[in-house]
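To start, the structure under review is shown below, and the notes come after it.
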Amino acid sequence: MKELNVFLNHTKKLKVGKLVYSNRRIFFEYDKDFLASSLEISPYKLPLKEGVFERQDRIFDGLWGVFADSLPDGWGRLLINRHLRKIGIDPHSLNPLDSLSYVGKYGMGALSYEPCEEIEVSSLDNIMLDDLAKSSKNILNGSSDEMVEELIKLGGSSSGARPKALIQLDENLKSIIYGSQKLQKGYLHWMVKFASSLDSKNIGAIEYAYSLMAKDAGLDMPKTTLLKGKRGSYFACERFDRIKDKRVHLHSVAGLVHSDFRLPSLDYDDLLSLCLHLTKSVKEQEKVFKLACFNLIAHNCDDHAKNFSFLMDEDGKWTFSPVYDITFSHGPNGEHSTTFFGEGKKPTKEHLIMLAQRHKIKGATNIIDRVKNSIKNWKKYADIATVPKKESLMIDRILRDL
């Protein structure tokens, strides 16, 4: 792929501009009509102005972060690579525009890419979570490539290491259908997650318990549930990059500031400053502070730069996204990926107070106390989510030691 057109799809489809790959370099130019829209899809690294942009660094394989956010990583990249090998293509021969063409119109957020490479699948009529979980496990351990194409269609463009499927779930949280189709009456867009090879088999129940705990702590948490199969339970959450069939522009902090999320390089002090600068709202900044408190006290150390995002509406207004990927985790070498004034190993309440004072967060003590009180009730949420006693007690011991 040498050229790719980029579109923004909110209520209507707008051509954003064109990506060009030449001599192993990537260029981008905004469409003249889009320049008149005043919509800044990535204000820091791809400002809205005339002329040809060229990437100078190799973060995100030479792509701008806003487009790299559309690409799968971890699980999704594994699926695409398996599919390519099945049809005789070396994945290493693809350039970043090729990868975006496989995302096409099925990516997270509101961006789409043309021309796109469509992957044909045999059937997606009946979605059985246990079958998806089993196939995901077999693909991860390399024992089978069964259902690779189906799994790509069901969520191969989503980010993260854990297998996922993008589905439509009915209002009673019972009926599951294929997600990447026109929204059916009585259904909403959801995402369901399966265990990775490194996860506990009860990771779904644990993440669901954490979502209940986060809601009671006052975090902006999307609607969640625990979907039950015959052989397992699976965490699911309502997608916040969709409002019915309308798409919402989503931009991760990693993509926004070109931070390599694989390396601990972000601090909550910087994140709070970024939020206020982008959203111009102290209420949005307070959301970030609440999440910082929760991640510290609830021992969610996998708080890297791709696990924070912002949303832009069709008028160009930015807000901090609802929280996601919050669960019990040890992080790299037992440290937080995002530090608290440089402290990643053993941040304390004093670091949260410093954050609040530095950014003039009103009612910070009440926020911290509410988060602490919700986490004291871990066992209650674990029981609701049917987390086995052994794992519940292990997590409880660590939470009480913080």
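Does at least one position in region 211-233 carry a residue that is under 20 Å from L151 (Cβ atoms), in contact with a strand residue (DSSP E or B) (Cβ under 7 Å, 6 or more places away or on another chain) and crowded, with 17+ Cβ neighbours inside 10 Å?
First, pick out the residues of region 211-233 that are under 20 Å from L151 (Cβ atoms): 227, 229-233.
In the following step, the residues that additionally are in contact with a strand residue (DSSP E or B) (Cβ under 7 Å, 6 or more places away or on another chain) were identified as 227, 233.
Right, trim to crowded, with 17+ Cβ neighbours inside 10 Å and you get 227, 233.
Within region 211-233, one or more residues are under 20 Å from L151 (Cβ atoms), in contact with a strand residue (DSSP E or B) (Cβ under 7 Å, 6 or more places away or on another chain) and crowded, with 17+ Cβ neighbours inside 10 Å.
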Completion exercise
Per the list (1) within 20 Å of S309 (Cα to Cα); (2) without any contact (Cβ under 8 Å) to a residue 12 or more places away in the chain, residue check on I41 breaks on (2)
Exercise for the section: Determine if region 133-151 includes at least one residue that is among the basic types (K, R), part of a helix (DSSP H, G or I), modelled with pLDDT of 80 or more and on the phi < 0 side of the Ramachandran plot. Expected result: yes
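Could you list, in sequence order, all residues of region 352-376 that are buried (at least 19 other Cβ atoms within 10 Å of the Cβ) and closer than 18 Å to D267 by Cβ? Let's see the steps before the verdict.
Of region 352-376, the ones buried (at least 19 other Cβ atoms within 10 Å of the Cβ) are 352, 355-356, 359, 361, 364, 367-368, 371, 374-375.
Answer for region 352-376, where residues must be buried (at least 19 other Cβ atoms within 10 Å of the Cβ) and closer than 18 Å to D267 by Cβ: L352, L355, A356, H359, I361, A364.
Do we have Y187 as in contact (Cβ under 8 Å) with a residue 40 or more places away in the chain and outside the structural domain of D313 (by TED's automatic domain parsing) here? Lay out the reasoning, then the answer.
Numbers: in contact (Cβ under 8 Å) with a residue 40 or more places away in the chain: no; outside the structural domain of D313 (by TED's automatic domain parsing): yes.
Answer is no for this residue.
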Problem - Search result, residues across region 285-318 that are part of a helix (DSSP H, G or I), within 20 Å of L352 (Cβ to Cβ) and in contact (Cβ under 8 Å) with a residue 60 or more places away in the chain - result: Q285, E286, K287, F289, K290, L291, A292, C293, F294, L296, I297
Exercise for the section: For region 78-93, indicate whether the set of residues that are within 23 Å of P163 (Cβ to Cβ) and either hydroxyl-bearing (S, T, Y) or assigned by TED's automatic domain parsing to the domain that holds E149 (or both) is non-empty. Expected result: no
Exercise for the section: Would you mind stating whether K201 is without any contact (Cβ under 8 Å) to a residue 12 or more places away in the chain and not in a helix (DSSP H, G or I)? Expected result: no
Practice task
Check H351 against each of (1) part of a helix (DSSP H, G or I); (2) modelled with pLDDT under 95 and name the one condition it does not meet.
Solution key: (2)
Problem - Residue match in region 52-63 (condition: within 24 Å of the chain's Cα centre (by Cα), loosely packed, with under 15 Cβ neighbours inside 10 Å and part of a helix (DSSP H, G or I)) - result: yes
Handout entry: Residue check, P47 in contact (Cβ under 8 Å) with a residue 12 or more places away in the chain and either assigned by TED's automatic domain parsing to the domain that holds D315 or part of a loop (DSSP other than H, G, I, E, B) (or both)
Key = no
Exercise for the section: Could you tell me whether R262 is surrounded by fewer than 20 Cβ atoms within 10 Å (Cβ to Cβ) and either within 30 Å of I127 (Cβ to Cβ) or of a type in the set (F, W, Y) (or both)? Expected result: no
Practice task
Please enumerate the residues belonging to region 176-191 that are under 19 Å from the mean Cα position of the chain (by Cα) and either of a type in the set (G, A, S) or closer than 28 Å to K372 by Cα (or both).
Solution key: G179, S180
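The values are calculated or read from the model by the stated rules, or taken from the named source; none is laboratory data. Note that the coordinates shown come from a computational prediction; the quantities given were computed from them, not determined experimentally. As a convention, Cβ positions derive from the backbone with ideal geometry for all residues, glycine included, and neighbour counts pool all protein chains shown.
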